[in-house]
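Trainee: Handing you a structure now.
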Amino acid sequence: MRAAVLGSPIEHSLSPFLHRAAYAAMGLDGWRYDAFEVGEDRLPAFLAALDGPWAGLSLTMPLKRAVLPLLDSVSELAVEVGGANTVIFRDGGAHGDNTDVYGIEQALAEAGVPAPRSALVLGGGATAASALAALRNLGLGEATLAVREPARAGETLTVAERLGVALRVERLDKLDALLDVDLVVSTLPGRAADEHAVRLARVPALFDVVYSPWPTAAALAVRQAGGTVVGGFAMLLHQAVRQVELMTGRTGVPVEAMRAAGEAELSRRSAPAG
C-alpha cells in the first residue's frame with residue numbers, strides 16, 4: 001500500500017519520518033510513504049493520475065482548501081473548517097477529512113492545558129480555522145482573532161459561523177489589550193510571533209504551532225514567566241497518529257515510536273554542520 005504527503009514547499013516535511021516509523025513499529029512491511037512537491041495548479045492532475053493500491057494522502061499548505069472540490073465526499077468537520085489535511089481512498093472514491101483539529105486537542109491535553117474559558121487566536125489561515133474548531137470542541141463558544149488586516153479575515157469569520165463560535169476580529173498591533181485570556185494559540189508562520197514575545201509572556205498558556213526552530217522566543221518568554229507552553233510538534237505528531245489510523249484502519253498506533261522518530265529528525269536538522 002502507498003501513502004504520501006503533498007504540498008509546496010515539501011522538502012522539510014516531517015510526515016515521512018512519522019508515518020514510516022508507524023509502519024515499521026506496526027509491522028506493515030508492504031507499506032510505503034513518500035513526499036511530493038505539488039502546488040494547487042498540479043493537484044487535480046496528480047489525483048487523477050494515481051493508480052495502484054493507494055491508502056491515503058496527507059496534505060499541507062496550500063492544498064487543504066484546494067482539495068475539497070476534487071473529492072467524492074468530505075467529513076462534516078472538514079466542511080466546517082473549510083479544509084481537509086487528509087484524503088482516504090476507499091470504496092473506489094476519495095474521502096476528505098481533517099485531523100489537525102484532533103492534533104490540537106491532543107497536544108493541549110498532553111500538556112495538561114485545561115479547557116479554556118477564553119482564548120485568543122493569532123493569524124487567520126487554515127490552522128487558525130482548525131484551532132477554532134478545537135476550541136469549540138473544548139466547550140468554548142466565543143473567541144478573539146488577531147490578524148494584521150481584519151478586512152482579510154472574512155473566510156475565518158465564515159468558518160467561525162459554521163462552527164457556532166462567536167468570533168471578534170481585532171488588529172494584531174492591538175495585542176496588548178487582548179491578552180487577558182486563558183490561552184493564546186499562535187498560528188503565525190515562522191517566527192512571526194517572536195516580536196510579541198515580551199507581551200505574550202504574561203499569558204498563562206501559549207500554543208505556538210511552530211515546531212522548527214524550537215523553542216521560539218515567544219515560547220521561551222511564556223515558559224520563563226511560569227506559563228504552560230505547547231509546541232507545534234505535538235500537534236503534528238497527533239494529527240499524524242490519527243492519519244495512520246484512518247489510512248490503515250487500525251488502532252493502537254505507536255505514538256511513542258512516531259514521537260521518537262520525529263524528535264530524532266528535528267535534532268538532526270538542528271545539529272551544526274560539519
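Trainee: Give me the residue from the range 150-163 that is within 22 Å of the chain's Cα centre (by Cα) and open to solvent by 60 Å² or more (accessible area, probe 1.4 Å) and, out of that set, farthest from L122 (Cα to Cα).
Mentor: Only one residue tops the list, namely R162.
Trainee: Out of all the residues in the range 179-202, which are surrounded by fewer than 22 Cβ atoms within 10 Å (Cβ to Cβ) and either hydroxyl-bearing (S, T, Y) or out of contact with any helix residue (DSSP H, G or I) (no Cβ under 6 Å at 6 or more places or on another chain) (or both)?
Mentor: Quick first cut of the range 179-202, residues surrounded by fewer than 22 Cβ atoms within 10 Å (Cβ to Cβ) only: 179-182, 189-192, 194-195, 197-199, 201-202.
L179, D180, V181, D182, P189, G190, R191, A192, E195, V198, R202 - these are the residues of the range 179-202 that are surrounded by fewer than 22 Cβ atoms within 10 Å (Cβ to Cβ) and either hydroxyl-bearing (S, T, Y) or out of contact with any helix residue (DSSP H, G or I) (no Cβ under 6 Å at 6 or more places or on another chain) (or both).
Trainee: Which condition breaks for L70 when tested against (1) over 20 Å from R162 (Cβ atoms); (2) in contact (Cβ under 8 Å) with a residue 40 or more places away in the chain; (3) of a type outside the set (D, E)?
Mentor: (2)
Trainee: Pick from the range 121-137 the residues that are of a type in the set (A, V, I, L, M, F, W, C) and closer than 17 Å to E76 by Cα: which of them is modelled with the lowest pLDDT? Walk me through it before giving the result.
Mentor: Narrowing the range 121-137 to residues of a type in the set (A, V, I, L, M, F, W, C): 121-122, 126, 128-129, 131-135.
Still in the list and also closer than 17 Å to E76 by Cα: 126, 129, 131-135.
Working: A126: 89, A129: 96, A131: 97, L132: 98, A133: 98, A134: 98, L135: 98.
Ranking the candidates gives A126 first.
Trainee: Let me ask something additional. Suppose the filter is open to solvent by less than 20 Å² (accessible area, probe 1.4 Å), within 27 Å of S58 (Cα to Cα) and touching a residue at least 24 places away in the same chain (Cβ under 8 Å); does T216 pass it?
Mentor: Values: open to solvent by less than 20 Å² (accessible area, probe 1.4 Å): yes; within 27 Å of S58 (Cα to Cα): yes; touching a residue at least 24 places away in the same chain (Cβ under 8 Å): yes.
Yes; evaluated as a whole, the condition is true for this residue.
Trainee: Just a yes or no: is a residue in the range 237-245 within 15 Å of the chain's Cα centre (by Cα), open to solvent by 70 Å² or more (accessible area, probe 1.4 Å) and at pLDDT 95 or above?
Mentor: Checking the range 237-245: at least one residue is within 15 Å of the chain's Cα centre (by Cα), open to solvent by 70 Å² or more (accessible area, probe 1.4 Å) and at pLDDT 95 or above.
Trainee: Sticking with this structure for a sec: Return the only residue of A225, A221 being buried (at least 16 other Cβ atoms within 10 Å of the Cβ) and over 18 Å from the mean Cα position of the chain (by Cα).
Mentor: Numbers: A225 fails: buried (at least 16 other Cβ atoms within 10 Å of the Cβ).
Residue meeting the stated conditions: A221.
The values are calculated or read from the model by the stated rules, or taken from the named source; none is laboratory data. This structure is a prediction, so every number in the text was calculated from the model and none was measured. Heads up, the Cβs are rebuilt from the backbone with ideal geometry, glycines too, and the neighbour counts pull from every protein chain shown. Side chains are part of the model used for accessible areas, which takes the heavy atoms of the whole protein and leaves out ligands, DNA and RNA. Shrake-Rupley method; radii C 1.70, N 1.55, O 1.52, S 1.80 Å.
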